[in-house]
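Structure, as structure tokens:
What follows is calculated from the coordinates using simple rules that are stated; it is not laboratory data. Here the structure is a predicted model, which means the values were calculated and not measured. Every residue, glycine as well, gets a Cβ built from its backbone with ideal geometry; the counts of neighbours run over all protein chains shown.
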């Protein structure tokens, strides 16, 4: 039986107004790093990423990507805001338990120990999601969606058990993450823009 990596490649999409960038890292546990930006036709003073993210309706989340399954909001035991997202990345279903380490109008940093479920079984990855708004001019704002994924101890044990190298897992995750990010980011930006223009 052929054992698949925890993530598989998904063909990427091209989008107007998109700026795409990948960077390398020296962190030995890094599985992927994907950064995509999109220009919003709204002044930065009207943008509130934290309010958008932590009050994002389930249906609106689903509209932002064909890979999005469900979304909701919660809190940690000590009261920190959370965003719960269920989505597919490559061939894995991912349950994101994002905790807001920083939640401001123009910058959010969300960190999750996420469940990754595939045909090979279930494991966990650490995901850091950063959302930024940067002023371009008086009527335009750049939205940036940055995602970093890291192997947990459980993930390293999982791939060893299934005879998958860390390099294979990282390559698969990078391809899947890039494709996923390039689809959702322009739609996130449009959603943030729509909410901002209601103010």
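Some values worked out for this structure:
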read-out: Per-region count, the range 28-46, residues over 12 Å from residue 192 (Cβ atoms) and surrounded by fewer than 19 Cβ atoms within 10 Å (Cβ to Cβ); value: 5
read-out: Hits in the range 87-105 (condition: in contact with a strand residue (DSSP E or B) (Cβ under 6 Å, 6 or more places away or on another chain) and surrounded by fewer than 17 Cβ atoms within 10 Å (Cβ to Cβ)); value: 93, 101, 102
read-out: Any hit, the range 132-142, residues being touching a residue at least 60 places away in the same chain (Cβ under 8 Å), surrounded by fewer than 22 Cβ atoms within 10 Å (Cβ to Cβ) and under 21 Å from residue 30 (Cβ atoms); value: yes
read-out: Some residue of the range 68-80 being touching a residue at least 40 places away in the same chain (Cβ under 8 Å) and under 21 Å from residue 182 (Cβ atoms); value: yes
